[in-house]
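The values are calculated or read from the model by the stated rules, or taken from the named source; none is laboratory data. Predicted, not measured: the structure shown is a model, and the values here were computed from it. Neighbour counts are summed over all protein chains in view; Cβ atoms, including those assigned to glycine, are modelled from backbone coordinates with ideal geometry. We work out accessible area using only protein heavy atoms, side chains counted, and drop any ligands, DNA or RNA first. Shrake-Rupley method; radii C 1.70, N 1.55, O 1.52, S 1.80 Å.
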Amino acid sequence: MKRLFSFFILLFPLLGFAKTTPEILSDKIDSDGFRIIDCSRITVGKWTDRISTSLSLSCIQVGDSATYYLTIKMVSASPLNIRQGSALVLRFGDNEVAQLSTGIEYSDNIGDYNAYAKVSYYTIYPSYQLSDYILEKITRFGIRKFRIETVLKNIDRELDNDKLKEVAIFLREEYRLIQNQIDNKANDIMEGF
């Protein structure tokens with residue numbers, strides 16, 4: 001029982017029970033000239049879910065072209081694998097449905113071991129490229145339900161009306177922050193070297 005209690009105490013910050021505010025976490029330009037902007041995450045689902053999920057927007061800019069991604073942080077007590085081309089099915093707040101797919105494979109079969117709780121947890125960050133239309137739907141209506149295709153099983157999350165509105169506002173604000181950030185100069189890795 002003590003071990004189980006310790007496990008939940010240590011996972012509490014990982015699950016993001018505290019309210020989060022949208023913010024830019026990183027803005028870097030790599031040596032290939034790709035500008036990568038990553039934002040904070042909002043947790044979706046229940047605290048009893050076996051796989052914790054949280055959503056955020058990210059952006060990759062090359063020259064004047066910006067491509068947006070919906071990034072899902074997934075944390076589990078067992079290994080996680082998503083194959084290249086695996087689907088993400090979204091149902092928006094207006095009940096329209098869209099399907100996205102991954103461009104690469106995501107997997108964590110090694111995990112991180114917490115010696116205090118004597119438990120391992122596995123984390124992946126699958127990203128799904130967003131068209132302008134889907135980005136507009138997400139920021140306007142929010143995501144009512146989504147299904148992530150993984151190697152072992154599909155993971156479903158359905159949001160109630162309050163969480164639907166909260167996620168829509170959160171992702172809309174992240175989109176606004178990214179647009180403002182694109183207008184600013186990024187932190188170039190070569191700058192000042």
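If the Cβ limit is 6 Å and pairs must be 6+ apart or interchain, which residue in the range 25-37 that is polar (S, T, N, Q) pairs with which residue that is surrounded by 12 or more Cβ atoms within 10 Å (Cβ to Cβ) and part of a strand (DSSP E or B)?
Pairs found: SER26/ASP38.
Kindly indicate the residue of the range 128-152 that is outside any loop (DSSP other than H, G, I, E, B), open to solvent by less than 30 Å² (accessible area, probe 1.4 Å) and not β-branched (Val, Ile, Thr) and also farthest from PRO79 (Cα to Cα) among those meeting that condition.
Taking the candidates together, the pick is LYS137.
Within the range 133-171, which residues are closer than 13 Å to ALA98 by Cα and either of a type in the set (S, T, N, Q) or free of Cβ contacts under 8 Å to residues at least 12 places away in the same chain (or both)?
Correct list: TYR133, GLU136.
For the range 109-127, does any single residue satisfy the condition of being among the aliphatic types (A, V, I, L, M), open to solvent by less than 30 Å² (accessible area, probe 1.4 Å) and at pLDDT below 95?
Within the range 109-127, one or more residues are among the aliphatic types (A, V, I, L, M), open to solvent by less than 30 Å² (accessible area, probe 1.4 Å) and at pLDDT below 95.
Does the range 78-92 include one or more residues that are farther than 24 Å from CYS39 by Cβ, of a type in the set (D, E, K, R), at pLDDT below 95 and in a loop (DSSP other than H, G, I, E, B)?
No, the range 78-92 has no match at all.
What number of residues within the range 43-76 satisfy the criterion of being loosely packed, with under 15 Cβ neighbours inside 10 Å and more than 30 Å from ASP32 (Cα to Cα)? I'd like the intermediate steps shown before the answer.
First, pick out the residues of the range 43-76 that are loosely packed, with under 15 Cβ neighbours inside 10 Å: 46-48, 50, 62-67.
Narrowing further to those that are more than 30 Å from ASP32 (Cα to Cα): 46-48, 50.
Total meeting the criteria: 4.
Given the condition under 16 Å from GLY45 (Cβ atoms) and in contact with a strand residue (DSSP E or B) (Cβ under 9 Å, 6 or more places away or on another chain), answer yes or no: does some residue in the range 90-107 qualify?
Yes, because at least one residue in the range 90-107 is under 16 Å from GLY45 (Cβ atoms) and in contact with a strand residue (DSSP E or B) (Cβ under 9 Å, 6 or more places away or on another chain).
Listed here are the residues, each with its yes/no results for (1) in contact with a strand residue (DSSP E or B) (Cβ under 9 Å, 6 or more places away or on another chain); (2) farther than 15 Å from TYR175 by Cβ.
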site	(1), (2)
ALA115	no, yes
LEU130	yes, no
ARG140	yes, no
ILE148	yes, yes
VAL151	yes, yes
